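Accompanying notes for the structure given below.
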Amino acid sequence: MDVAISGKKIIKVAKNIPENTAKKTINLKGYYVTPGLIDMHVHVFNGADTESYIANALTSLPPDGFTFRSGVTTVVDAGSSGWRNFRQFKKQTIDESQTRVLALLNIVGTGMYGRYEEQDVTDMSPTMTANMITKMFPDILVGIKSAHYWGDFTQVDLAVEAGRLAEVPVMVDFGEHQPTNSIEALFMKHLRPGDIFTHTFSYGPNNRETIVDEDLKVKPFVFEAQKRGIKFDVGHGGGAFSFRQAVPAIQQGFLPDVISSDLHSQSMNSGFKDMSNLLSKFMNMGLTLEEAVLRATWNPAQAINRKDLGHLDVGTEADIAIFTLRKGDFGFLDIRKTKIDGDKRLETEMTIRAGRVVWDLNGLSAPYWESEFK
Amino acid sequence: MRFFLIICFCITYNMQAIGQEYDFLIKGAYLIDAKNDIRDTMDVAISDGKIAAISKNLPVNLAKKVIEASGLILSPGLIDPHTHVFVGSKSKTFADGFYSVSPDDFSFRSGITTVVDAGTSGWRNFGTFKTNVIDASKTRVLAFLNISGTGMSGDSTQENLSDMDAEKAYETLKLYPDILVGIKIGHYTGTDWLPFENALQASGKAGKPLLVECHLPEYSLADQLNKMRPGDIITHSFEEIDERLPIIDSEGRLHPFVKAAYERGINFDVGHGGAGFWFSQAIPAYQQGLVPNSFGTDLHHFSMNSGMKNMLNVMSKFINIGMSVEEVIEKASWKTAQAIHRTDLGHLSVGAVADLTLLKLHKGDFGFIDAGKNKIEGKYKLETELTMKDGKVVYDLNGLVANKYH
């Protein structure tokens, strides 16, 4: 297919668009063209509060350094901020970034300031959270996050209540309970269809119930939950992706709905590395390129109710990624420092955000330097 | 029988003790170590964060973990001498601002273990930089101190002559000798030479180099180079924008006074940045004998996604322009360490800190862009396989040190 872009938009997608209708033609024979990737789970509320963990802190990363070089044009911050500090996040990161930054608002008012503050049930206001989403920033805030809670289902239930009020999905990071809480109860009773379970392939059985049991069988209710409409998100991170969960799950036909990174300073140099590496990892576990790309484009766009994103229909903003599929001998790490071998790896050749080239690895869009003297 | 058991126990115990001698053994890589004049296949052992042994053949049973590295290049951890990493939340500024970037985001995945911040902070805000970034980063962060008291904090304050205090700058250098490697001057639009003289004075008193950036439009390039001492560093060497005379004239010739300064011992850093590197400068300069002494990236918010991308990409450009892989790596490690007077870094001598990287030289069809969005084609590109800092694996692209899942 040929794709034509004018200004910020896609204006034509057809089998053969004549070159003389374009100011600039980029020849992409042999490359893969996809909608700009959506990374549905990141932490990008970067700031200089050295007391804080993720909110306005160094554990969060400025997004532009990681997105375009891996084909990502939209990121969704997963609850780094809550209603009390979202406006600071917007001012210092969202408004300053070239990447489209959307966000899930933490049910905790101060977001991810620290594990201790995240336990404060009196700071989990469904009304204030829902109001910030619906009345203040409906174009940026696409859902709610519940995470890091040490107790029972109280935090999840408050987040779901906020989700009902604002009519948005809730993403749950459901761990750090001792003893563990039942994920079957979470999927079947507490969450609604459309709500999102993240860190799907995490393995830390002491404080987080796993989806694959010790005999490497996917628990039957996990398939039921996916049928019920619970969305399963990867959220790789620095501690939440293990092959001993993912490989058996995929072999038994359980595929995640969304492939996302959980980008932050402790995950960036781990087995995750970047989104193109993460998609490649799933391709080497058995997914086709199309199946992997779907889970980082149209699937997350639907999960966050942003159907204007994740596809290349005429009239949409021209967010586009262009990949090379490298063949060779590669390795892919999980967070337990075990690896699989692989024979393919996606590399980001070019990324276009709102019609502008924002990454061009090998100069596909550039003239040769000698042309300066002609 | 009991005697026999005791003997068995002793042997087993001893073998374990021997087996734990090295934490890592890197086997079969092509080692490039300029300081020790090695360009050869070597085994390198690491223990307790230090280089423990280097030899043609070290036995694998002495190591807890063997890294099979045949076909890879082993280099001392690379040093990026020109970055802006005083990251913070202030909008539209470098000092404590969004225009700087976090060092760990870019360093290890490019084989870098040490970055040098190029004067983003001055004597007034270096403390904040140290607390917020230097102490909080895994990358070794060194810095040139800006002669301007508030560093790169915005045009009005950073050009305040009374804030360009040579004595205050010198005192700060004395307070942090392990972090501060010199003085930088970079942004001044006036005609007064006082800032330059103060910068020379503060660095000279400390016995450390001066780094000169290009945003000094009223100073002629010839005057700047004439005032600089051997060992001082000029960056953005290959820029072609109107704030400074380009080193190549309109006929494609290297200005003789530039060549003379180079031969006098002024160090020319690339300082690629978003606008500081042009093939129309770098290629003629290289052909006429001006080879950069270091590959500073000028990493910041606007250069990271441009033709710069990362330091290995900048180094790869020069391989494709004509430098040998060995020469490029030697300059990005040992020569850069020497330029910043940190001869504890940039080599893999026994006893040195185990900062190192394993690189792969890919052969294929690649392209490289400059600041004018013009490109060259190339056959070579370096990629980081693994990076180790203080003897710990901090980046492992393909799982060289990992066990198989099954």
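The values are calculated or read from the model by the stated rules, or taken from the named source; none is laboratory data. Only a predicted model underlies this, so the values are computations on that prediction, with no experimental measurement involved. Note: ideal-geometry Cβ built from the backbone for every residue, glycine included; neighbour counts use all protein chains shown. Heavy atoms of the whole protein, side chains included, go into the accessibility calculation; ligands, DNA and RNA do not. Shrake-Rupley method; radii C 1.70, N 1.55, O 1.52, S 1.80 Å.
Points to keep in mind about this one:
For (1) closer than 17 Å to A:Gly238 by Cα; (2) free of Cβ contacts under 8 Å to residues at least 60 places away in the same chain, each residue gets a yes or a no:
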| residue | (1), (2) |
| --- | --- |
| A:Asn181 | no, yes |
| A:Leu186 | no, yes |
| A:Leu191 | no, yes |
| A:Gly194 | no, no |
| A:Thr198 | yes, no |
| A:Pro205 | yes, yes |
| A:Ile211 | no, yes |
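- Scope segment A:338-365; condition on the phi < 0 side of the Ramachandran plot, crowded, with 20+ Cβ neighbours inside 10 Å, touching a Phe, Trp or Tyr at 6+ places or on another chain (Cβ under 9 Å) and at the interface with chain B (Cβ under 8 Å from one of its Cβ atoms); matching residues: A:Lys339, A:Ile340, A:Val358, A:Trp359, A:Leu361, A:Asn362
- Test: residue in segment B:99-107 that is away from chain A (no Cβ under 14 Å), at pLDDT 95 or above and open to solvent by 10 Å² or more (accessible area, probe 1.4 Å): no
- Just one residue in the set B:Lys379, B:Lys375, B:Lys331 is away from chain A (no Cβ under 14 Å) and open to solvent by 10 Å² or more (accessible area, probe 1.4 Å); that residue is B:Lys331.
- Cβ-Cβ contacts under 6 Å between residues 6 or more apart (or on different chains), taken from a first residue in segment A:226-244 that is away from every other protein chain (no Cβ under 14 Å) to a second residue that is open to solvent by 10 Å² or more (accessible area, probe 1.4 Å) and of a type in the set (Asp, Glu), are listed as A:Lys231/A:Asp257; A:Phe232/A:Asp257; A:Gly235/A:Asp262; A:His236/A:Asp262; A:Gly237/A:Asp262.
- Counted residues, segment A:245-272 - those being facing chain B (nearest Cβ under 9 Å) and touching a Lys or Arg at 6+ places or on another chain (Cβ under 7 Å): 1
- Members of segment A:285-322 that are open to solvent by 40 Å² or more (accessible area, probe 1.4 Å) and touching a residue at least 40 places away in the same chain (Cβ under 8 Å): A:Trp298, A:Asn305, A:Arg306, A:Asp313, A:Val314, A:Gly315, A:Glu317
- Looking across B:Val133, B:Val181, B:Val116, one residue alone is of a type in the set (A, V, I, L, M), within 14 Å of chain A (Cβ to nearest Cβ), open to solvent by less than 10 Å² (accessible area, probe 1.4 Å) and closer than 30 Å to B:Ser75 by Cβ. It is B:Val133.
- On inspection, A:Ile304 passes the criterion of being closer than 23 Å to A:Ser80 by Cα and among the β-branched types (Val, Ile, Thr).
- Which numbered condition B:Gly367 misses (of (1) more than 7 Å from every other protein chain (Cβ to nearest Cβ); (2) part of a strand (DSSP E or B)): (1)
- Taking each residue of segment B:342-358 that is under 9 Å from B:Lys35 (Cβ atoms) and open to solvent by 30 Å² or more (accessible area, probe 1.4 Å) and looking for partners that are part of a loop (DSSP other than H, G, I, E, B) and not hydroxyl-bearing (Ser, Thr, Tyr) with beta-carbon atoms closer than 8 Å, six or more apart or interchain, yields B:Thr343/B:Lys35.
- Filtered by the rule that a residue be in a loop (DSSP other than H, G, I, E, B) and of a type outside the set (Phe, Trp, Tyr), segment A:134-173 gives A:Pro138, A:Asp139, A:Ile140, A:His148, A:Gly151, A:Asp152, A:Glu167, A:Val168, A:Pro169.
Residues are listed down the side, and each one gets a yes or a no for (1) in a loop (DSSP other than H, G, I, E, B); (2) closer than 20 Å to B:Gly71 by Cα:
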{"site": "B:Gly296", "(1), (2)": "yes, no"}
{"site": "B:His301", "(1), (2)": "yes, no"}
{"site": "B:Ser306", "(1), (2)": "yes, no"}
{"site": "B:Lys309", "(1), (2)": "yes, no"}
{"site": "B:Ile329", "(1), (2)": "no, yes"}
{"site": "B:Trp334", "(1), (2)": "no, no"}
{"site": "B:Leu345", "(1), (2)": "yes, no"}
{"site": "B:Ser349", "(1), (2)": "yes, no"}
{"site": "B:Leu358", "(1), (2)": "no, yes"}
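- The selection criterion, being acidic (Asp, Glu), part of a helix (DSSP H, G or I) and touching a Lys or Arg at 6+ places or on another chain (Cβ under 9 Å), does not hold for A:Glu176.
- Some residue of segment B:283-301 being of a type in the set (S, T, N, Q), more than 14 Å from chain A (Cβ to nearest Cβ) and under 14 Å from the mean Cα position of the chain (by Cα): yes
- Those residues of segment A:180-215 which are open to solvent by 40 Å² or more (accessible area, probe 1.4 Å) and of a type in the set (A, V, I, L, M), in sequence order: A:Met188
- Filter pass, A:Phe221 being surrounded by fewer than 21 Cβ atoms within 10 Å (Cβ to Cβ) and touching a strand residue (DSSP E or B) at 6+ places or on another chain (Cβ under 7 Å): no
- Residue count, segment A:154-175 (criterion: within 16 Å of A:Gln119 (Cα to Cα) and buried (at least 19 other Cβ atoms within 10 Å of the Cβ)): 8
- Single condition B:Thr297 does not satisfy, out of (1) open to solvent by 10 Å² or more (accessible area, probe 1.4 Å); (2) touching a residue at least 60 places away in the same chain (Cβ under 8 Å); (3) of a type in the set (S, T, N, Q): (1)
- Residue in segment A:323-337 that is surrounded by the fewest Cβ atoms within 10 Å (Cβ to Cβ), counting only those that are under 23 Å from the mean Cα position of the chain (by Cα) and under 26 Å from A:Ser202 (Cα atoms): A:Lys337
- Residue within segment A:95-103 that is more than 26 Å from A:Ser276 (Cα to Cα) and among the aliphatic types (A, V, I, L, M) present: no
- Within segment A:18-77, the set of residues being open to solvent by 10 Å² or more (accessible area, probe 1.4 Å) and at the interface with chain B (Cβ under 10 Å from one of its Cβ atoms) comprises A:Ala48, A:Asp49, A:Thr50, A:Asn56, A:Leu58, A:Thr59, A:Pro62, A:Phe66, A:Arg69.
- Counted residues, segment B:88-98 - those being at the interface with chain A (Cβ under 8 Å from one of its Cβ atoms), among the small types (Gly, Ala, Ser) and either out of contact with any helix residue (DSSP H, G or I) (no Cβ under 9 Å at 6 or more places or on another chain) or in contact (Cβ under 8 Å) with a residue 40 or more places away in the chain (or both): 1
- Test: B:Ala169 is in a helix (DSSP H, G or I) and of a type in the set (Gly, Ala, Ser): yes
- Long-range neighbours under 6 Å by Cβ, at least six apart or interchain, first residue within 10 Å of chain B (Cβ to nearest Cβ) and buried (at least 18 other Cβ atoms within 10 Å of the Cβ) within segment A:86-97, second of a type in the set (Val, Ile, Thr) and not in a helix (DSSP H, G or I): A:Thr93/A:Val44
- Helices (runs of 4 or more DSSP H) (entirely within segment B:200-287) containing at least 2 residues that are closer than 28 Å to B:Thr172 by Cβ: B:221-227
- Only listed residue being without any contact (Cβ under 8 Å) to a residue 40 or more places away in the chain and touching a helix residue (DSSP H, G or I) at 6+ places or on another chain (Cβ under 9 Å), chosen from B:Thr131, B:Thr83, B:Thr120: B:Thr120
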